[in-house]
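Chemist: The structure under discussion is supplied below as structure tokens; questions concerning it will follow.
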Amino acid sequence: MTPQWIAVIGTSLLAFTLKYLGHSVPASWLSHPRIQRINTLIPIVLLTALVAVNSVTVKTKIIFDHRLAGLAVAVTALLFKLPFPVIVAGAAIGSAIAYHFKY
Amino acid sequence: MSVKRDSFSLSFAVGAYGTAFGAASVTAHFTVLQSCLLSLLTFSGASQFAVIGVLGAGGSAISGIATATLLGSRNALYGLRMAPILKVRGLKRIVAAQVTIDESTAIATAQKDEADQVTGFWHTGFGVFVFWNIFTLLGALGAKAIGNPSAWGLDAAVPAAFIGLVWPRLNDRKSRLIAGAAVLLSLALVPIAPAGVPIITTALLAIIVGWRV
């Protein structure tokens with residue numbers, strides 16, 4: 001089995017388990033303020049780290065390339081409060097242009 | 001019946017960005033079938049992007065699963081919130097659990113009337129499910145058809161999707177500080193840790209800060 005298949009199956013099983021758990025456990029188990037606070041911060045750190053790693057790294061090296069142009073377009077689109085598909089498509093276009101100019 | 005209309009428009013808007021997921025997933029070397037299965041079975045946008053993001057960057061299946069699972073943990077809290085409103089058991093609870101996501105919970109909890117909360121949850125949950133899966137397939141097939149992902153900017157679509165997901169959460173000083181720390185920590189670890197580890201390690205920042213403050 002390839003790593004991709006393991007990831008698809010493992011992620012799906014655990015994702016459902018978490019969803020089902022929420023519907024089934026007594027409310028007091030997950031309503032501790034500490035759990036709530038950590039739960040608010042988890043997406044912030046993981047998503048930000050995913051932005052960083054997917055923008056400026058190739059394997060174990062830090063490399064600045066055409067993807068940064070795409071990221072700049074995405075940030076600009078976000079500052080103008082444009083909708084999600086525009087952000088993603090804009091980033092792709094910006095990155096593609098930079099790629100063709102060999103950045 | 002404005003709750004049904006709201007559910008539909010949100011479902012379509014959110015579902016359409018399944019195109020970005022499908023394309024990104026194929027770019028990260030998942031097959032079209034694997035991409036579609038992630039949308040059908042995992043059905044949680046941030047977790048799906050995370051698993052393909054980690055493996056696409058060369059990370060192991062384990063670190064991909066761990067990152068995606070931590071991102072999916074908020075769905076458990078949504079379930080906790082929705083259970084007393086929905087009051088479902090058995091098979092219906094299984095279905096409700098699967099469509100417990102950001103959007104279905106957001107629409108439901110925005111309604112005053114309890115009947116509207118239930119309607120909003122189911123309509124948005126099913127609506128996003130249907131559109132998200134259709135558009136994932138289209139995005140995956142599209143990306144497969146066009147070849148070199150860099151030439152079409154698809155390698156930048158992945159970080160752009162992540163920044164779009166995290167942006168609304170960076171609404172105070174504390175969030176922005178911890179996000180900055182996550183960037184520094186993950187990039188500092190990239191040259192020395194196996195791929196995927198730099199990302200999941202930032203969860204420690206959330207645990208340390210969330211524990212104390």
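Chemist: Would you please list the contacts, defined by Cβ atoms under 7 Å and residues six or more apart or on different chains, that run from a residue in the range A:66-80 that is in contact (Cβ under 8 Å) with a residue 12 or more places away in the chain and within 8 Å of chain B (Cβ to nearest Cβ) to a residue that is outside any helix (DSSP H, G or I) and among the hydroxyl-bearing types (S, T, Y)?
Modeler: Matching pairs, first to second residue: A:H66/A:Y103; A:A69/A:Y103.
Chemist: It is to be established whether one or more residues within the range B:44-59 are surrounded by fewer than 21 Cβ atoms within 10 Å (Cβ to Cβ) and at pLDDT 95 or above.
Modeler: No.
Chemist: Quick one: is A:I38 modelled with pLDDT of 90 or more and within 21 Å of the chain's Cα centre (by Cα)?
Modeler: The answer is no for A:I38.
Chemist: For the range B:1-74, which helices (runs of 4 or more DSSP H) that fit wholly inside it have 1 or more residues that are more than 15 Å from the chain's Cα centre (by Cα), under 25 Å from A:K61 (Cβ atoms) and within 8 Å of chain A (Cβ to nearest Cβ)?
Modeler: Because the criterion is at least 1 residues that are more than 15 Å from the chain's Cα centre (by Cα), under 25 Å from A:K61 (Cβ atoms) and within 8 Å of chain A (Cβ to nearest Cβ), the helices (runs of 4 or more DSSP H) in the range B:1-74 that meet it are B:45-56.
Chemist: Check the range B:154-173 and report whether any residue there is small (G, A, S) and either surrounded by fewer than 20 Cβ atoms within 10 Å (Cβ to Cβ) or more than 21 Å from A:F64 (Cα to Cα) (or both).
Modeler: no
Chemist: I'd like the full set of residues that are surrounded by fewer than 21 Cβ atoms within 10 Å (Cβ to Cβ) and within 23 Å of B:V54 (Cα to Cα), limited to the range A:74-88.
Modeler: Across the range A:74-88, the qualifying residues are A:V75, A:F84, A:P85.
Chemist: May I pose another question? So how many residues does the range A:58-73 have that are farther than 16 Å from A:Y99 by Cα and either surrounded by 21 or more Cβ atoms within 10 Å (Cβ to Cβ) or touching a helix residue (DSSP H, G or I) at 6+ places or on another chain (Cβ under 9 Å) (or both)?
Modeler: 1
The values are calculated or read from the model by the stated rules, or taken from the named source; none is laboratory data. All values derive from a computational prediction rather than experimental measurement. Because the Cβ atoms are built from the backbone with ideal geometry, glycine has one as well, and the counts that use them run over all protein chains shown.
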